[in-house]
Amino acid sequence: MLNRRQLLKSTAAGVACLAVPSLPILAQEKGTAFALPKLPYAYDALEPSIDAMTMEIHHSKHHNAYTSKLNEAVAGSSLEGKSIENILAGISGQPAGVRNNGGGFFNHNLFWKVIGPNGGGAPTGDLADAINRYFGSFDQFKEQFSNAAATRFGSGWAWLVKKSDGSLVVSSTPNQDNPLMDVADVKGSPILAIDVWEHAYYLKYQNRRPDYIAAFWNVINWHEVSHRLKS
């Protein structure tokens with residue numbers, strides 16, 4: 001029987017043989033309510049912080065699967081044609097397939113946007129001011145966010161959330177849950193996210209989640225996070 005590391009490497013080898021140009025066809029398949037977005041950068045653009053093979057598998061396999069399964073889950077139901085945000089807002093009344101795949105679809109859409117090849121450093125302007133106001137300093141925010149990501153048991157996400165009163169808080173959620181869901185302990189609009197499922201880092205970092213979290217700070221797209229704070 002293959003161990004986890006061997007299995008992931010085997011999967012990586014198989015993905016390397018796939019024709020990536022077929023992805024836009026999948027994303028634009030006629031009749032689908034939700035589409036797999038194209039990445040705004042190449043799979044190797046985040047090297048060395050996040051390796052190309054992880055990015056390719058994460059996007060073309062995992063995110064693609066969430067997208068396809070979400071479309072299957074809502075087909076022919078009252079959810080068909082609704083926005084993902086509206087679906088998530090009432091997720092407590094929906095089956096697990098909608099919750100898991102709807103969350104996976106939305107979460108990854110956000111994740112790809114808040115990271116990028118010219119990221120890292122520290123935020124500026126209104127975002128920096130807000131972080132200082134609600135966390136004391138950028139270093140204190142960074143420590144709190146990293147701790148939320150590192151201590152999330154099992155699979156899940158850590159978030160920087162803008163609450164309805166405009167305040168900023170750090171939270172984490174299990175599995176593919178997120179702060180837009182009515183089941184979330186902390187509700188609001190997520191403006192920064194880190195995926196701490198093993199598929200997001202295991203090929204490069206194995207079980208060293210803290211190393212992956214440290215590398216994440218090198219690729220944060222603070223311009224996008226700032227935009228989400230204001231919107």
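The values are calculated or read from the model by the stated rules, or taken from the named source; none is laboratory data. All values reported here derive from a predicted model rather than from experimental measurement. Cβ atoms come from the backbone with ideal geometry, glycine included; neighbour counts cover every protein chain shown.
Details
- Considered as a group, the residues in the stretch 189-203 that are among the hydroxyl-bearing types (Ser, Thr, Tyr) and farther than 15 Å from Leu168 by Cβ include one that is surrounded by the fewest Cβ atoms within 10 Å (Cβ to Cβ), and that residue is Tyr202.
- Selected residue [surrounded by 15 or more Cβ atoms within 10 Å (Cβ to Cβ) and not aliphatic (A, V, I, L, M)] from Gln206, Gln176: Gln176
- Each residue in the stretch 61-92 was checked for being part of a helix (DSSP H, G or I) and either within 22 Å of Trp157 (Cα to Cα) or basic (Lys, Arg) (or both), and 18 pass.
- Flag if Gly154 is under 22 Å from Asn218 (Cα atoms) and either surrounded by fewer than 21 Cβ atoms within 10 Å (Cβ to Cβ) or modelled with pLDDT under 95 (or both): no
- Considering the conditions (1) under 18 Å from Gly119 (Cβ atoms); (2) modelled with pLDDT under 95; (3) polar (S, T, N, Q), Ser231 is excluded by exactly one of them, (1).
- Residues of the stretch 129-165 satisfying the condition of being without any contact (Cβ under 8 Å) to a residue 40 or more places away in the chain and more than 22 Å from the chain's Cα centre (by Cα): Asp129, Asn132, Arg133, Tyr134, Phe135, Gly136, Ser137, Asp139, Gln140, Asp165
- Selection within the stretch 179-188: residues that are in contact (Cβ under 8 Å) with a residue 40 or more places away in the chain and either among the aliphatic types (A, V, I, L, M) or in a strand (DSSP E or B) (or both). The member of this set that is surrounded by the fewest Cβ atoms within 10 Å (Cβ to Cβ) is Val183.
- For Ile87, the conditions (1) within 20 Å of Ser189 (Cα to Cα); (2) touching a Phe, Trp or Tyr at 6+ places or on another chain (Cβ under 6 Å) all hold with the exception of (2).
- Residues (in contact (Cβ under 8 Å) with a residue 40 or more places away in the chain and either over 18 Å from Val114 (Cα atoms) or of a type in the set (Val, Ile, Thr) (or both)) located in the stretch 200-220: Tyr202, Leu203, Lys204, Gln206, Arg209, Pro210, Ile213, Val219, Ile220
- Residue list for the stretch 113-136, restricted to those being in a helix (DSSP H, G or I) and surrounded by fewer than 19 Cβ atoms within 10 Å (Cβ to Cβ): Lys113, Gly125, Asp126, Ala128, Asp129, Asn132, Arg133, Tyr134
- Taken over the stretch 160-178, the criterion of being in contact with a helix residue (DSSP H, G or I) (Cβ under 8 Å, 6 or more places away or on another chain), within 26 Å of Lys69 (Cα to Cα) and assigned to a strand (DSSP E or B) is satisfied by Ser172 alone.
- Top-ranked residue in the stretch 209-219 [being out of contact with any strand residue (DSSP E or B) (no Cβ under 6 Å at 6 or more places or on another chain) and surrounded by 16 or more Cβ atoms within 10 Å (Cβ to Cβ); ranked as nearest to Gly154 (Cα to Cα)]: Arg209
- Qualifying residue in the stretch 16-37 (condition: modelled with pLDDT of 95 or more, under 18 Å from the mean Cα position of the chain (by Cα), assigned to a loop (DSSP other than H, G, I, E, B) and buried (at least 19 other Cβ atoms within 10 Å of the Cβ)): yes
- Qualifying positions in the stretch 74-97 - closer than 13 Å to Gln176 by Cβ and surrounded by fewer than 12 Cβ atoms within 10 Å (Cβ to Cβ): Ala96
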